[in-house]
Every structure is written in structure tokens, then in C-alpha cells.
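Colleague: I'd like to ask some things about the structure below.
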Amino acid sequence: MRTPHNTAIEYARLCHNALYKASNIHRLYEYPAEHGWDESGQLYWKNFISGQTGWVTDKVRNPYRSNVTAVNPWRSYDVDGNFGVTWTENPSPHTMWVSIKQTGTGTIPYDYARETGTGGCSSLSDFNNWSLTADIKNLPGGKAEANITGPNQIVVASTNVTKMSLWLHPNMVNFNNPVQVTLNGVTKSYNLKASLLTALKSYERRWDWGMIYHAEIEVY
């Protein structure tokens, strides 16, 4: 029996191709048990998730990384049990040390999977007459790319974002000196003050003790 083309693995492979082309570091792992879920497949995933094998073994999250790209909302395709595809929109204002608090009325480009054909199983021609192609769709949302370019220097390029926050930690900038923030070519200076209340507010963004920041800069 043939399985319809439009299954999750097809989308995973397309996503891998797009991410690898963009970053050259993305990896795709397919468990060795093929379609069946047997003991070998279960053992493979247990080892992979526990970090004993695979590309993730030496990767550690860095909450103070110098470059962050934030997009709000997060959009995805959901594939149901009958291989039907629905569009899902989820608010995602917080990415690392950037929060997109308000967006305008414009749009930003999103990656999406464009289908051709049905990919069904009624006939061989129906099965073969299907393709999945990476494409771009412009939809309402906001994007911000923030980079720490030097000592107390932050450059932000935003699209359709009218209000955002930058959350900062002493490991990122020197709180004793002003921080220069350049937003879309316009530079402003900010004096920072560490605050317990701000640190707790930063925790409430993600409910994650590993993502604590001592100061907040609101950028308009």
C-alpha cells in the first residue's frame, strides 16, 4: 500500500533543505526503523534525545548571544490525520533578549510549503502527480533583527514593528556606561539600571530561569 505523499516526513525534508540552504548547519535525522516503530527506532530516539549521540551532543543554549532574529507571530502548517493542511497562527512575541510588543498594519514574508497535485493513493498517476515546493507568502506580522556589534553598541533592523523591548544582562553590555541603540538607522543613548523587578519581568516572558535579564530598553 502506498502512503500519500503529503505526510509529515515530506514537510520535514523540505524544511531541512530550506534551513540548510540558509545556515549550512541544519541536520536532518531519520530514525532507522523505517515506517514501523520497533525497539531499534525507540532506542535510537532515546539516545538522540538524551544527548548521547547525534549533532546535539555538544550544543548549549546561549541566552546572551550577540545576534537575535525575532518574528511575531509564529505561523505553521498543521497536518491532520486525513492529511489535510490547516494554517496556524501563534503569538510569539519573545525571542531570546528581544520582545516584539506591537506591530503595524503591514506584512512580512513567511516561508511556506506550496503543494501541486493531491498526492493521493487512488492511482499511480495521482500519487506521482504531486510536488512540494518552498515558497514565500506575505502575511501580517513583525520582524526584528538585533545585533550587538561592539561594546555597548546594538543595531536593530525591524520591519513592521512599532514597539519592542531589548532585555540586557551584564554579560552582554557594561551597565556602567550608556548603551547606543541604532534602530533602522536612528541612534539613541540609554542609561541602564539593574533591577530585581525587571529580572522577574524577564522571567515571566518565558517562565525560564535560564533567560533572566537585569535591564529593559523599550524601543519605539
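Values quoted throughout were computed directly from the atomic coordinates according to the rules given, and no laboratory measurement underlies them. Source: prediction; values computed, not measured. Counting neighbours? That spans all protein chains shown, and the Cβs are built from the backbone with ideal geometry, glycine included.
Colleague: Please work out the FRET efficiency for the pair E39 and R13, using the Cβ-Cβ distance as r and a Förster radius of 30 Å; give the result to the nearest 0.05.
Modeller: Result of the calculation: an efficiency of 0.75.
Colleague: Amide H neighbours of S92 under 5 Å, counting only residues 5+ apart in sequence or on other chains, H built in-plane at 1.01 Å?
Modeller: W74
Colleague: Continuing with the same structure: Along the principal axes of its C-alpha atoms, what lengths does the range 145-204 span, in descending order and rounded to whole Å?
Modeller: 31, 25, 16
Colleague: Which of K163/K193; K59/K188; K59/K193; K163/K188 have a Cα-Cα distance over 25 Å?
Modeller: K59/K188; K59/K193
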